[in-house]
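The values are calculated or read from the model by the stated rules, or taken from the named source; none is laboratory data. Here the structure is a predicted model, which means the values were calculated and not measured. Because the Cβ atoms are built from the backbone with ideal geometry, glycine has one as well, and the counts that use them run over all protein chains shown.
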Amino acid sequence: MTNCIKIEDSYQGYSLDSFCIPKHYEDDLESVLIPYGVIHDRIERIAKDIFTDFGKEPLVAICVLKGGYKFYTDLIDKINSLNRNQGERSVPLSVDFIRLRSYQNDKSVGTIEVIGGDNMESVKGKNVLVVEDIIDTGRTMMKLLGLLEEFQPKCVKVASLLLKRQPASNGYIPEYCGFEIPDKFVVGYALDFNERFRDLHHICVVNNNGINKYKV
Ligand code: HPA
Ligand code: MG
């Protein structure tokens, strides 16, 4: 993992008043941790790193749904843009999706279910990039990587937009990482709390009001 941006525990983020926040979430958030524009600029660089590292070999990019869908589409768009514009080099891409579930409220439920996705036979002998929104304890990713190995890919790398500094982490670190963040529950840019907040533009810290309102 190179050049991941570290957001310190002491960082308070931006005031909600400085950005546009949907009315329906106004009372449920503490701060804007990462504005949309910064997310995009960071993804541009991750795309460039991936483009450089994978050379000309075909790449199977697997989106971990649902939380990874925005990062995935923005990342793939930017890799495709490099493919169109870099002349000599290009990475043939194929897309794939997998759906997992490991969270209820703001806690990992401990078990990880695969609840949908393509047949993974397509990864055999291929370079694989797993695209995830956030790595928290690392358990979901370790489980998914174990599962993928059964299908004998040539190599597997992971791009996670966020990596949480989580005391209970198993130490797993992705090859590509956007931002290392404090141990707070974040939402927006497709990250959810019980399926809410995926429609929020920026990555924000949810407050107690939001937690209480949407807990199940
Ligand atoms: N937000 C959303 N989903 C998550 C988080 C988080 O902070 N941690 C693990 N899954
Ligand atoms: Mg996820």
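Name every residue in the stretch 128-171 that is under 19 Å from Thr52 (Cβ atoms) and away from ligand 2 (no atom under 11 Å from the Cβ), in order of residue number.
Answer for the stretch 128-171, where residues must be under 19 Å from Thr52 (Cβ atoms) and away from ligand 2 (no atom under 11 Å from the Cβ): Val128, Leu129, Lys154, Cys155, Val156, Lys157, Val158, Ala159.
Scan (1) touching a residue at least 60 places away in the same chain (Cβ under 8 Å); (2) more than 22 Å from the chain's Cα centre (by Cα) for the single condition Leu59 breaks and write down its number.
(2)
For residues that are among the charged types (D, E, K, R) and part of a loop (DSSP other than H, G, I, E, B), scanning just the stretch 156-201, find the one that is farthest from ligand 1 (Cβ to nearest atom).
Here the residue is Glu175.
Can you name the number of the only condition in (1) outside any helix (DSSP H, G or I); (2) within 15 Å of ligand 2 (Cβ to nearest atom) that Gly87 fails?
(2)
May I ask you to say which residue of Asp27, Asp106, Asp74 is touching a helix residue (DSSP H, G or I) at 6+ places or on another chain (Cβ under 7 Å) and either of a type in the set (Val, Ile, Thr) or at pLDDT below 90 (or both)?
Answer to the selection: Asp106.
Would you mention how many residues in the stretch 172-216 are basic (Lys, Arg) and closer than 30 Å to Asp53 by Cβ?
Result for the stretch 172-216: 1.
Against the condition within 13 Å of ligand 2 (Cβ to nearest atom), modelled with pLDDT of 95 or more and either under 21 Å from Lys66 (Cβ atoms) or in a loop (DSSP other than H, G, I, E, B) (or both), how does Leu100 come out, does it pass?
The answer is no for Leu100.
Could you go through the stretch 84-105 and let me know if any residue there is acidic (Asp, Glu) and closer than 15 Å to Leu129 by Cα.
yes
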